[in-house]
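Here's the structure, in structure tokens; my notes come after.
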Amino acid sequence: MLREIYKVEEMVTLFSVSKDTNLALIRTAPTVFKERKLYLYNLKTGKKEVLKTDNYGAIEHAFFSPDNQGFFFTARESGSYINNFMLVN
């Protein structure tokens, strides 16, 4: 049985669910020229929180750590082409 868990009027370009299925990382792209935002979405309550990524440009990938204590993501530093891979907890 399918059920809708998230609906938005912009394109979802990343959707990663935590191992315990309580949280999701969501990246949206409203239009080509607008900033993409990364959200932490609580699948149980429906609460959505914007994750502050001001120091980074395009976030390409985001995945929860196996222990659900944080997440990994790849991004460019603002104004450069250097890619970073880090754990946030």
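Could you give me the ³J(HN,Hα) list for region 14-26, computed from phi with Karplus coefficients 6.51, -1.76, 1.60 and θ = phi - 60°, whole Hz, x at Gly and Pro?
Those phi angles translate into 8, 8, 10, 9, 5, 4, 7, 6, 8, 10, 9, 9, 10 Hz.
Convert each backbone phi in region 49-55 into a coupling constant with the Karplus relation 6.51 cos²θ - 1.76 cosθ + 1.60 (shift: θ = phi - 60°), then list the ³J(HN,Hα) values in order as whole Hz, x for Gly and Pro.
10, 6, 8, 6, 10, 4, 7
Return the long-range amide H neighbours of Y6 (sequence gap of 5 or more, or a different chain), with a cut-off of under 5 Å between placed amide H atoms.
Amide H to amide H, under 5 Å and 5 or more residues apart or across chains, Y6 pairs with nothing.
Show the residues, 5+ positions off or on another chain, whose built amide H is closer than 5 Å to the amide H of A58.
Here R76 satisfy the definition.
Which far-off residues, 5 or more places away or on another chain, put their amide H under 5 Å from the one on L14, with H placed in the peptide plane?
Those qualifying (amide H under 5 Å, at least 5 residues apart or on another chain) are R27.
Here, each number is a calculation from the coordinates, and none is a lab measurement. All figures in this text were calculated on a predicted structure; none of them were measured in a lab.
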